[in-house]
Amino acid sequence: MMISGSPDLQKLVLGVMSHSCDVPVWGILLTLLFVLCVVAFLVKAVSQCKKTMAACNRARIQADTDDLTGLWSRHAINHALKEGQFVHGKNTLRWSVVFIDIDGLKSINDGCGHLVGDCVLKIFAQSVSYSIRCSDYAGRWGGDEFIVLVSGMRSNTDLAAFCDKLQRETSQVITIDEKQIKIKASFGYALANTDGDNVRDLIRVADARMYRNKQNKCNSTEEVGH
C-alpha cells in the first residue's frame, strides 16, 4: 500500500498499523466480554429501578386508598388538606370541609351483622362519590365517618346548600337478604378561611356542626315518639 505525504507521516501510519496487528485475540475477546458485562449490568439496573418505582407507586396508592370503600384514605385527606393550605403563594385555605356520619350504623351491625354494615358503607361511599362534583374529593375518615373536600365555596349558604343536596342524594333504602335498610347520614361543614384559618380548625368546626345536626335529629325523633 502506497502512502503519500511526508516521510514522518508514513512512519507514523505504518507504526500504528504494525501495533494494531500485534493486539492478541484474547485481548479483543476480553474487551468484548467487559462491554457485554457492562451492558448486562445496566439493563439489570434499569429493570430493578422500574420494579422499585412500581412497588413505590403501589404502596402510595394503597396508602391513599381506603380498602373497603375505594375512596381516599384518612392519610390522603390529611395530605390534600395540608397541601391546600397555600394557594398561589398566599396563606389561603383552598378546601372547605364537609364532615359526614352515617346514622345508626351500629344498630345495623348489631342487628344484621358486620358484613351487611360493610355493604352499607360501600353503597354510601359510592353514592357520595357519584353526588359530588369533579372538583371535589371524598374520603373515609374512619369507621362510619366520611369527609368531602369542597372547592370554590364562597359562603356558608352555598356550602349548606351543597350539604343539603348531598344528603338528599345519598339517602336511600336498600334491600339486603330480604331486609330493608334505610341509609341516612348527618352532615356538618366548615367554610375555608371563614370558619377557620387552618386544617385542624376546619375539621373541628365541621365535626361539631355534624354532631349538633345528629343530636337535633335524635331529639326530633324522641319528640315524635312521645
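The values are calculated or read from the model by the stated rules, or taken from the named source; none is laboratory data. Since the model is a prediction, treat every value here as computed from it, not as a measurement. As a convention, Cβ positions derive from the backbone with ideal geometry for all residues, glycine included, and neighbour counts pool all protein chains shown. Accessible surface is based on the protein model in full, side chains and every heavy atom, while ligands, DNA and RNA are left aside. Shrake-Rupley method; radii C 1.70, N 1.55, O 1.52, S 1.80 Å.
Taking G143 as the residue in question, decide whether it is within 30 Å of K179 (Cα to Cα) and not hydroxyl-bearing (S, T, Y). Reasoning before the result, please.
Working: within 30 Å of K179 (Cα to Cα): yes; not hydroxyl-bearing (S, T, Y): yes.
Considered against the rule, which asks whether it is within 30 Å of K179 (Cα to Cα) and not hydroxyl-bearing (S, T, Y), G143 comes out as yes.
Among the charged types (D, E, K, R) and touching a residue at least 40 places away in the same chain (Cβ under 8 Å): is that true of D136 in this structure? Explain how you work it out, then say what you get.
On the way: among the charged types (D, E, K, R): yes; touching a residue at least 40 places away in the same chain (Cβ under 8 Å): no.
Judged against the criteria, D136 is not a match.
Filter the stretch 36-93 down to residues that are modelled with pLDDT of 80 or more, open to solvent by 80 Å² or more (accessible area, probe 1.4 Å) and outside any helix (DSSP H, G or I), then give me how many there are.
1
How many residues does the stretch 197-209 hold that are open to solvent by less than 10 Å² (accessible area, probe 1.4 Å) and either outside any helix (DSSP H, G or I) or at pLDDT 95 or above (or both)? If you could, list the steps in order and put the result at the bottom.
To start, the set of residues in the stretch 197-209 that are open to solvent by less than 10 Å² (accessible area, probe 1.4 Å) comprises 202, 206.
Checking the rest, the ones that are also either outside any helix (DSSP H, G or I) or at pLDDT 95 or above (or both) come to 206.
The number of residues fulfilling the criteria is 1.
Specify the residue that is farthest from A206 (Cα to Cα); the eligible residues are those in the stretch 156-166 that are of a type outside the set (A, V, I, L, M) and open to solvent by less than 40 Å² (accessible area, probe 1.4 Å). Reasoning before the result, please.
As a first pass, look at the stretch 156-166 and keep what is of a type outside the set (A, V, I, L, M): 156-158, 162-165.
Now restrict to residues that are open to solvent by less than 40 Å² (accessible area, probe 1.4 Å): 162-163.
Working: F162: 14, C163: 11 Å.
My answer is F162.
Select from the stretch 96-147 the residues that are under 20 Å from R209 (Cβ atoms), open to solvent by 20 Å² or more (accessible area, probe 1.4 Å), outside any strand (DSSP E or B) and charged (D, E, K, R) and list them in ascending order. If you could, list the steps in order and put the result at the bottom.
Start the filter on the stretch 96-147 by keeping residues that are under 20 Å from R209 (Cβ atoms), which leaves 96-105, 124, 128, 131-132, 136-147.
Checking the rest, the ones that are also open to solvent by 20 Å² or more (accessible area, probe 1.4 Å) come to 103-104, 132, 137, 140-145.
Right, trim to outside any strand (DSSP E or B) and you get 103-104, 132, 143-144.
Residues satisfying the conditions are D103, D144.
Would you check if L30 is open to solvent by less than 70 Å² (accessible area, probe 1.4 Å), over 19 Å from the mean Cα position of the chain (by Cα), among the aliphatic types (A, V, I, L, M) and at pLDDT below 80?
Values: open to solvent by less than 70 Å² (accessible area, probe 1.4 Å): no; over 19 Å from the mean Cα position of the chain (by Cα): yes; among the aliphatic types (A, V, I, L, M): yes; at pLDDT below 80: yes.
Considered against the rule, which asks whether it is open to solvent by less than 70 Å² (accessible area, probe 1.4 Å), over 19 Å from the mean Cα position of the chain (by Cα), among the aliphatic types (A, V, I, L, M) and at pLDDT below 80, L30 comes out as no.
Just one of N193, N156, N216 is farther than 13 Å from I102 by Cβ and touching a residue at least 60 places away in the same chain (Cβ under 8 Å); which is it?
Values: N156 fails: touching a residue at least 60 places away in the same chain (Cβ under 8 Å); N216 fails: touching a residue at least 60 places away in the same chain (Cβ under 8 Å).
Criteria check complete, one pass: N193.
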